[in-house]
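Read the structure below first, then the notes.
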Amino acid sequence: MTARARQTSHDLKPWGFVAPALLWTLCFFVAPFLVMAAMSLWERVGTDLVASWSFVNYAKFFERGHYLEAMLNSLEVTVIVTVTSILLAYPFAWILAEKVPARWQRLALVLAILPFWTSYVVRSYSWLLVLANNGVINQVLLAMGIVDDPLSLANSRSATVIGFVHFFVMLLTLTIYANLVQLPPNYRKAAQDLGANGLQTFWHVILPLTLPGIMVGAFLTFVLCIGDYITPQILGGNQELLMPQVIMLQIGRRADFPTASALAILLMVVVTIAYLGFARWIRLERA
Amino acid sequence: MKRFSGRSIASVLYALAIYGFIFLPVVVLVLFSFQDGRFPIPPFKGFSLRWYEAVLADRRLMEALTNSLVVAILSSAMSVLLGFLAAYGIARFMLPAKGLQRGLLTAPLTVSYLIIGMGLLITFNWLGIPKSLLAAGIGHVVINMPLCFAIIYSQMGDHQANIERAARDLGAREWQVMTLITAPMLWPALFASFFLSMTFSWDEFIISFLLTRFDVTLPVEIWNLLRSGLNPKTNAVGSLVFGISVVLLLVLELVVFRKAKRS
């Protein structure tokens, strides 16, 4: 009897370590998600939320033009941002890894990350200072006589894209740099010994080997960009809405939790599809 | 190799252009926080600290700053504690379905903050729990604990397990092994995950925005300030936040990485 009791308590002990974290995740992550999924099948009638258990909110997404449009806008912006950021970040990461002396590389990286230690909200606001009608860029252009009237840069898709690219160039530089410095120099020597020129070495050897770094960064960019509310809200203005803005509108102004939940779940579906597309390059396991 | 080939010059120019792009907004932000005038845009009218005085005299901003610090410290401590216990349990004991448990614990990393915040908002709303800093803090533990768990778990190696076994053979109890042996050995990982959590919590906006009402955190209060348009006071708060974050970064760099290098 005592032996068995000890045996049981021995079996239970490890759970004592893991249980708090598991319970926290179940209570405050899994359960809320299930509540949200259930809520997406409810309906807002007048000011009341009714448990109608129907897919009417999902149907609305495909029927009402502006929801679908917001999703397409989000996808377009995200793809533009991801591609632009990769194209800008790759040469930069290359220069940091290949041209900068090894002992200065750490400093060069820290410098590149430094401006991102402002608050996220403040960072978008700073771009507003730069891009506004009477902001830095327009004042400089006007003073130099390059333009006669200020360009309207802020409150547009371009402003949103610039704000996003700013952050994700840094992020992608980190993932690509990490990949580049891991490459053994032998591969490049071998390619050169076999007669490849610089461009051929890059295209056939270096680029394929750095694809994991690009893809991990691209996936992070995709996920963070498509789910972000702050940058489009501050820089994009209200002319063209992205998904997170539409979701927040349902919550804030209309307290329409069912529609907001359905839209959020559709957004998650898109992210999941993206994840499956990127999955072969991404390892979340212990190294 | 030629030192000043065309390619090298192009590389230098390109790197400078990217650094310029990266630094442009933050330089403008800090520069015009010293603006001696009502608008944080050119021309620069002279150096003044009046906007910093205005920030320090703003009771709501100072309260929000305190709230942010309290939420960041408490939620990070909770995240590290839960993450450490879970990592210890999974790395050191026989448990069923470890892969599933690890998957569950790290799952929040793949979901956007907006959706995590919305789930909590809808659930708390349904249960009749009012919006509060506590609710926001709970959300911050949800986003930071997976990170702490992953960092600490990745640092739990087999050589440490041997030392723990030795301690147990010498008669140490489980809590003694954990607090006197494992935690000190893992201290760089614990410290790093705490500071990383701190900075994420400190900067987090959307969860706090959704889950707080009267007492808010600093990013939410800054968001409220944005309604007044371009304002040097916002520049001053932003510059202060930047300064604090850079100090945090330096502490992390000096304490953790120096330590890691030495050992």
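Values quoted throughout were computed directly from the atomic coordinates according to the rules given, and no laboratory measurement underlies them. Note that the structure is predicted; figures quoted are calculated from it, not measured. All Cβ positions, even for glycine, are placed from backbone atoms using ideal geometry, and neighbour counts span all protein chains on display.
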- Query: Between B:PHE191 and A:ASP149, what FRET efficiency follows from the Cβ-Cβ distance if R0 is 41 Å, with the result rounded to 0.05?
  - Reply: 0.15
- Task: Let me have the 222 nm mean residue ellipticity of chain A computed from DSSP H runs of 4+ only, each contributing -39500 (n - 2.57), with the sum over all residues rounded to the nearest 500.
- Result: -22500 deg cm²/dmol
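Computed from the mean reciprocal separation of all distinct C-alpha pairs, what Kirkwood hydrodynamic radius does the range B:46-126 have, in Å?
The Cα-based Kirkwood calculation yields 16.8 Å.
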- Take peptide A:127-138, look around each residue's Cβ out to 10 angstrom, count Cβ atoms belonging to other protein chains, and average those counts. 5
- Which whole-Hz ³J(HN,Hα) couplings does the range B:190-207 yield from phi under the Karplus relation 6.51 cos²θ - 1.76 cosθ + 1.60, θ = phi - 60°, glycine and proline marked x? 4, 5, 4, 5, 5, 6, 4, 4, 4, 5, 5, 5, 4, 9, 5, 10, 5, 5
- Hey, in the GNM for chain B with a 10 angstrom Cα cutoff, which one of B:ARG173, B:ARG50, B:ARG60 fluctuates hardest? B:ARG173
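Please arrange B:SER132, B:SER33 by counting, for each residue, the other beta carbons lying within 10 Å of its beta carbon, fewest first.
Numbers: B:SER132 15, B:SER33 23.
With the fewest neighbours first, B:SER132, B:SER33 line up as B:SER132, B:SER33.
Give the dimensionless ratio obtained when the Cα radius of gyration of the range B:58-262 is divided by 2.2 N^0.38 Å.
Cα Rg divided by the expected 2.2 N^0.38 Å: 1.17.
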- For the range B:172-263, would you read off the P(r) tail past 20 Å as a percentage of all alpha carbon pairs? 56
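Among A:85-92, A:22-29, A:193-200, how do they line up from the highest to the lowest mean number of other beta-carbon atoms within 10 Å? List each step's numbers first, then the result.
Details: A:85-92: 20.5, A:22-29: 18.1, A:193-200: 10.6.
Result, highest mean Cβ count within 10 Å first: A:85-92, A:22-29, A:193-200.
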- Going by how many other beta carbons lie within 10 Å of each one, how would you line up B:MET156, B:MET118, fewest first? B:MET156, B:MET118
- Query: Among B:LEU69, B:LEU16, B:LEU134, which one shows the biggest mean-square fluctuation in a GNM of chain B, springs joining Cα atoms closer than 10 Å?
  - Reply: B:LEU16
- Query: For B:LEU29, A:LEU183, B:LEU230, what's the fewest-to-most ordering of other Cβ within 10 Å of each Cβ?
  - Reply: A:LEU183, B:LEU230, B:LEU29
- Pick out which of B:ASP203, B:ASP158, B:ASP215 has the largest mean-square fluctuation in a Gaussian network model of chain B, springs linking Cα atoms closer than 10 Å. B:ASP158
- Item | B:PHE93 versus A:TRP281: modelled label distance in nm, points set 7 Å from Cα along the beta carbon direction | 4.0
- Message: If you filter the range A:97-156 for trypsin sites (Lys or Arg not before Pro), then keep DSSP loop positions with at most 16 other Cβ within 10 Å, what is left?
- Response: A:LYS99
- Hey, what does the equivalent ellipsoid look like for the range B:1-157, semi-axes from the Cα gyration tensor as sqrt of 5 times each eigenvalue, largest first, whole Å? 41, 31, 14
- Normalise the Cα radius of gyration of the protein assembly as shown by 2.2 N^0.38 Å (N = residues in it) and let me know the number. 1.05
- Crossing angle, helix B:158-169 versus chain B [Cα axis fit, 0-90 degrees, rounded to tens]: 50
- Task: Apply the membrane-span-like helix rule to chain A: whole DSSP H runs, Cα extent along the own long axis of at least 15 Å, mean Kyte-Doolittle hydropathy at least -0.5. List the helices found.
- Result: A:2-25, A:65-98, A:102-113, A:120-131, A:157-182, A:207-226, A:257-278
- Query: So what is the relative contact order of chain B, in percent, for Cα pairs below 8 Å that sit 6 or more residues apart?
  - Reply: 31
- Task: State the Kirkwood hydrodynamic radius of the range A:11-137 in Å, one decimal place, computed from all pairs of distinct Cα atoms.
- Result: 20.9
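Can you list which of the trypsin sites (Lys or Arg not before Pro) found in the range A:214-287 are DSSP loop residues with at most 13 other C-beta atoms within 10 Å?
The qualifying sites are A:ARG253, A:ARG254, A:ARG283, A:ARG286.
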- Message: Give me log10 I(q)/I(0) at q = 0.10, 0.14, 0.15, 0.18 Å⁻¹ for the range A:64-281, Debye formula, one equal scatterer per alpha-carbon, no solvent.
- Response: -0.57, -0.97, -1.05, -1.26
